[in-house]
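Student: Below you will find the structure I want to go over with you.
The values are calculated or read from the model by the stated rules, or taken from the named source; none is laboratory data. Computed from a prediction, not measured in an experiment: that's the story for all the values here. Cβ placement follows ideal geometry from the backbone for every residue including glycine, while neighbour counts extend to all protein chains displayed.
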Amino acid sequence: MKRKILSVLLTAAFVAATIAGCGGSQPAADTAAPAQEAAPAPAAEAPKAEEPAPAAEEAAPAEEAAPAEEAAPAEEAAPAADAGGLINVGFAQVGHESDWRTASTKSAQDVFSEANGYNLSFVDCDNDSAAQLEAVRGFIEQGVDYIIIDPIVSTGWDTVLTECDDAGIPVIVIDRTIDDSDKYVSWVGSDFLTEGKAAGEWLKSYVEKQGIKEVNALIIQGTTGSSAQIGRTDGFKEIADREGWTILDMQTGDFTEEGGQQVMESYCKSYAGKFNVVVCENDNEAFGAMTAMDNAGVTYGPGNDVILISYDACTAGLKEVKAGKITADFECNPLAAPTVEGVIKTLQSGGTPEAKILVPDNWYALKDQIVDFSVDGKAMSMIEVTDEVIEAQY
Ligand code: GZL
């Protein structure tokens with residue numbers, strides 16, 4: 001878009017100079033401003049050696065300076081609906097790895113429907129960062145009005161977000177965060193660090209109530225490098241370190257049931273009889289871990305060998321809480337699409353949406369597992385899991 005405006009201004013200056021018989025020693029005021037440097041072709045971003053987490057970005061291809069583009073309207077008006085009266089939205093979704101993701105996708109498809117005035121281009125990126133970058137570039141080619149991204153991992157985004165910016169397409173980030181670029185309008189999601197701290201602070205109060213003196217924990221992490229994994233791991237570990245607990249191992253289950261089962265099978269062999277807490281960074285990993293512990297004869301849930309902690313609190317997860325399998329479940333609310341639509345409506349009306357919009361989360365357990373705890377000095381309440389609560393969940 002910046003290039004488009006520049007070409008319009010230069011064209012106007014050329015026309016003005018021609019009409020004035022090339023007396024353009026004093027260019028028109030609007031061309032006097034120093035020409036904005038066209039955004040340099042993004043240099044290939046060599047991943048930094050110290051960056052362990054997989055980055056989304058492939059080495060950006062060395063690009064020729066983009067050819068001068070056709071004149072564009074000087075004013076950057078909010079995109080009008082297309083000929084059919086619909087607003088074109090591209091959504092690059094993480095994948096289909098969990099119940100949470102299914103609910104997130106349904107929420108977006110329900111909100112950005114044709115009946116609601118939208119044409120949704122949806123791409124399931126199947127947990128593949130390269131495919132996600134390709135999907136975003138496809139939306140740019142399509143010329144959509146808005147792009148929504150749920151970033152698989154938090155890094156490697158600045159090049160493609162610069163391309164969105166140059167194309168004048170506002171980007172809204174949903175759920176997970178982008179940590180190496182600020183070229184987007186708003187982020188709508190949950191506080192993953194607080195989720196991790198809440199699980200840790202609840203466990204502290206719970207083991208005190210149960211008279212459990214030692215905590216030897218195993219963690220099954222989410223997708224490596226995703227902000228959900230980073231926040232939940234860091235939050236829980238902060239409490240574990242403060243309380244002197246032992247974290248025996250942390251391995252990724254990639255937010256899938258299969259991954260959770262594989263990691264737990266390995267843990268049951270390597271740490272047989274040595275652990276009393278398992279933390280799964282989403283419900284689907286917990287379901288897999290439960291299968292592995294069943295097969296290994298390890299009992300879990302209130303009154304058993306292992307305290308099983310999970311995140312997401314999807315409907316199926318809360319059913320396992322009600323069944324006395326998952327001891328406590330820390331929600332991450334996937335139903336952010338209505339809030340994202342609010343951001344788009346604000347932009348459509350020429351307003352400026354908030355840069356960061358938090359979606360509230362709740363914490364769940366059975367009555368006997370509800371204890372008082374605080375996170376960063378703020379008292380937390382828990383919701384007792386009942387059939388009605390399960391019925392109402394996502
Ligand atoms: C968290 C979200 C995570 C969920 C998982 O906001 O990105 O990804 O916790 C999902 O269930 O796979």
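Student: crowded, with 21+ Cβ neighbours inside 10 Å, within 24 Å of the chain's Cα centre (by Cα) and among the acidic types (Asp, Glu), is that true of Asp361?
Tutor: No: the conditions fail for Asp361.
Student: Would you point out the residue of the stretch 88-130, among those that are under 16 Å from Val188 (Cα atoms) and surrounded by fewer than 22 Cβ atoms within 10 Å (Cβ to Cβ), that is farthest from the ligand (Cβ to nearest atom)?
Tutor: My answer is Val111.
Student: Please determine whether any residue of the stretch 127-134 is without any contact (Cβ under 8 Å) to a residue 12 or more places away in the chain and polar (S, T, N, Q).
Tutor: no
Student: Scanning the stretch 320-332 for residues that are surrounded by fewer than 24 Cβ atoms within 10 Å (Cβ to Cβ) and more than 16 Å from the ligand (Cβ to nearest atom), which turns out farthest from Lys197 (Cα to Cα)?
Tutor: Ala323
Student: Mind checking whether some residue in the stretch 333-349 is more than 22 Å from the chain's Cα centre (by Cα) and either at pLDDT 95 or above or within 14 Å of the ligand (Cβ to nearest atom) (or both)?
Tutor: Yes.
Student: Going through Asn276, Asn304 one at a time, which residue ends up being among the polar types (S, T, N, Q), away from the ligand (no atom under 16 Å from the Cβ) and within 12 Å of Ile326 (Cα to Cα)?
Tutor: The match here is Asn304.
Student: May I pose another question? Does Glu257 satisfy the condition of being modelled with pLDDT of 95 or more and either surrounded by fewer than 20 Cβ atoms within 10 Å (Cβ to Cβ) or in contact with a Leu (Cβ under 8 Å, 6 or more places away or on another chain) (or both)?
Tutor: no
Student: For the stretch 337-364, what are the residues that are touching a residue at least 60 places away in the same chain (Cβ under 8 Å) and farther than 25 Å from Asp110 by Cβ?
Tutor: Result: Gly350, Ala355, Trp363.
Student: If I filter the stretch 175-232 down to residues being without any contact (Cβ under 8 Å) to a residue 24 or more places away in the chain and assigned to a loop (DSSP other than H, G, I, E, B), which single residue comes out as nearest to the ligand (Cβ to nearest atom)?
Tutor: The qualifying residue nearest to the ligand (Cβ to nearest atom) is Asp182.
Student: Out of Val173, Val207, Val188, report the one residue that is more than 11 Å from the chain's Cα centre (by Cα) and at pLDDT 95 or above.
Tutor: Working: Val173 fails: more than 11 Å from the chain's Cα centre (by Cα); Val188 fails: more than 11 Å from the chain's Cα centre (by Cα).
One residue alone meets the criteria, Val207.
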